[in-house]
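This report refers to the structure that appears directly beneath it.
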Amino acid sequence: MSESMEKKLADAMAELTAVQEAVARAESELSQASATSRSRDRAVEATVGPQGELTALKFPDNKYRNMTGPQLAASVMEAVQEGRAEMARRVMDVFEPLTQTSGRPTGLRGIDIDWDRAFGSALDGPDGGRRRSAARLHDEIHED
């Protein structure tokens, strides 16, 4: 193997190690993360963990006592969905730098993450519309 090939291989291995370490740091950072949100009517507060799981549910000021069952259910769903969306955006922000190509001569690509598969409906906005990351929107603008 030529010296230049050995150098390229060493560079690629170093870059791979750096990416693996960055992923481990991101996972560690997010392992204790949570997002708390309130429904628009301020009747429900939901906290979700890094995988969008519900970890706490509160009813500030006992507003729920004056609500019908369907109203309370809608408030709970809204607060949980908003918390899941916020957590999904935080995860996307943390992993975003790892999805970019390195620009180095090794030719290694950034990590390809299917955000829709990872978060599903958590990326839907309160009105049911799909939220888009700035990067995805940017890519769509460039494609036009």
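Report, by residue number, each residue of region 1-48 that is under 30 Å from ASN62 (Cβ atoms) and among the hydrophobic types (A, V, I, L, M, F, W, C).
Hits for region 1-48 are ALA33, ALA35, ALA43, VAL44, ALA46, VAL48.
If you check THR106 against the conditions, is it at pLDDT below 95, touching a helix residue (DSSP H, G or I) at 6+ places or on another chain (Cβ under 7 Å), not in a helix (DSSP H, G or I) and not hydrophobic (A, V, I, L, M, F, W, C)?
Answer is yes for this residue.
Among residues belonging to region 26-69 that are touching a strand residue (DSSP E or B) at 6+ places or on another chain (Cβ under 9 Å) and among the charged types (D, E, K, R), point out the one that is nearest to ASP93 (Cα to Cα).
The selected residue is ARG38.
The values are calculated or read from the model by the stated rules, or taken from the named source; none is laboratory data. Given the structure is predicted, the values throughout are model-derived calculations rather than measurements. Cβ: placed from backbone, ideal geometry, glycine included. Neighbour counts: every protein chain shown.
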